[in-house]
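Rule-based calculations on the coordinates, nothing more; no lab input. Everything numeric here is computed off the predicted structure, so don't read it as measured data. Counting neighbours? That spans all protein chains shown, and the Cβs are built from the backbone with ideal geometry, glycine included.
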Amino acid sequence: MKLWEDMAVGERAEIGRYTFTTDNIKGFARRFDPQPFHLDEAAAARSHFGALCASGWHTASVWMRLMVEHQNREDEARRARGEPIAALGPSPGFRELKWLKPVYVGDTVIYSTEVIEKRASNSRPDWGLMSIRNSGVNQKGEPVISFVSVAFVERRKRAA
Amino acid sequence: MSQLQWEDFTPGRVFEHGPRRLPRDEMIAFAAEFDPQLMHLDEEAARATMLGGLAASGWYACCILMRMCVDAFVGNSSSMGAPGVDEVRWLLPILPDDALSLRATVLETRASKSRPDMGFVRFEFELFNARDQRVMTLITSLMLGRREQAAPKAAL
């Protein structure tokens with residue numbers, strides 16, 4: 001992670017892509033979201049979705065995985081360049097999550113993130129907060145997911 | 001038990017479920033698959049983080065909440081999914097082997113303008129830990145099928 005001071009509002013990055021399959025859709029749904037349209041082709045065909053589709057929590061959880069991998073790659077590059085690496089802290093939550101279109105078997109979702117706001121933390125002077133808009137589009141370019149999350153990011157160490 | 005339809009979700013109605021234990025190995029397995037950060041994976045390394053110890057991924061909490069909703073009432077309803085989530089707050093760390101209880105409160109309902117066979121139900125979902133501390137809240141509208149409408153009278 002970049003230090004909080006070095007992040008700029010408007011910075012955008014593609015963080016990765018993921019292909020949803022019958023197996024990973026059903027595997028996730030069996031554990032966390034066992035509704036017929038995520039588990040059973042025939043029931044899904046009768047539903048308003050029209051075909052088997054991924055749980056929205058699956059689409060969101062994959063974003064988190066790709067975000068962590070993206071940050072790990074970026075940190076490797078920073079380490080190689082001798083640049084400082086900030087810790088990414090926990091998140092107090094997210095808002096405005098929209099599942100804009102169903103994600104069907106065979107869809108590949110391309111995920112991106114953009115910094116939309118920065119503010120200092122009143123309670124934790126060593127940390128700042130960033131708001132990021134995260135989004136995913138399918139292989140046809142149609143938006144399928146969007147949300148705004150907030151997380152703590154470490155600040156540059158200041159002289160005591 | 002007959003299936004719950006949109007009409008059954010009246011403002012103020014409460015559904016409760018749990019407690020459901022979160023086994024340490026399942027919590028860590030989720031993190032390894034979807035949120036491989038040290039604060040969710042490794043006890044020792046997690047002590048040095050802001051959370052001060054191993055804690056569940058917030059996304060795991062969302063997924064467990066979803067599963068508890070399905071087990072509580074969504075699985076026995078005319079659920080048509082959800083268009084999104086207004087807001088999630090992760091209020092306190094969720095610890096390994098903790099037990100969570102769900103409370104779902106109907107805030108308001110509205111019929112769909114474009115789909116007469118469907119309506120929206122806005123909920124506040126709350127998760128409590130074994131010490132009855134509120135650890136997470138989630139506000140969302142679910143889409144539910146409506147009871148068969150009486151056939152409209154033929155125009156005279």
*Enumerate by residue number the GluC sites (Glu not before Pro) in the range A:1-43 meeting two conditions: DSSP loop (anything except H, G, I, E, B), and at most 12 other Cβ atoms within 10 Å of the site's Cβ.*
none
_In degrees, nearest ten, helix A:56-81 long axis to first principal axis of chain A (Cα)_ = 30
_Between 0 and 90 degrees, rounded to the nearest ten: what's the tilt of helix B:24-34 against the longest Cα principal axis of chain B?_
70
*asked:* Which of B:Ala32, B:Ala72, B:Ala99 ends up with the largest GNM mean-square fluctuation for chain B, with Cα atoms connected below 10 Å?
replied: B:Ala32
*Can you pull out the trypsin sites (Lys or Arg not before Pro) in the range A:7-55 that DSSP calls coil and that have at most 15 other Cβ atoms within 10 Å?*
none
*What does the helix-only formula give at 222 nm for chain B: each DSSP H stretch with n ≥ 4 adding -39500 (n - 2.57), the total divided by the residues, and the result rounded to the nearest 500 deg cm²/dmol?*
-6000 deg cm²/dmol
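Rounded to the nearest 0.05, what FRET efficiency do A:Arg133 and B:Leu41 give with R0 = 30 Å and r taken as the Cβ-Cβ distance? Could you check?
For R0 = 30 Å, the calculated efficiency reads 0.65.
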_Partner chain coverage, peptide A:33-42 - average Cβ within 10 angstrom_ = 3
*Helix A:22-32 versus the longest principal axis of chain A: what angle, 0 to 90°, nearest 10, using Cα atoms?*
70
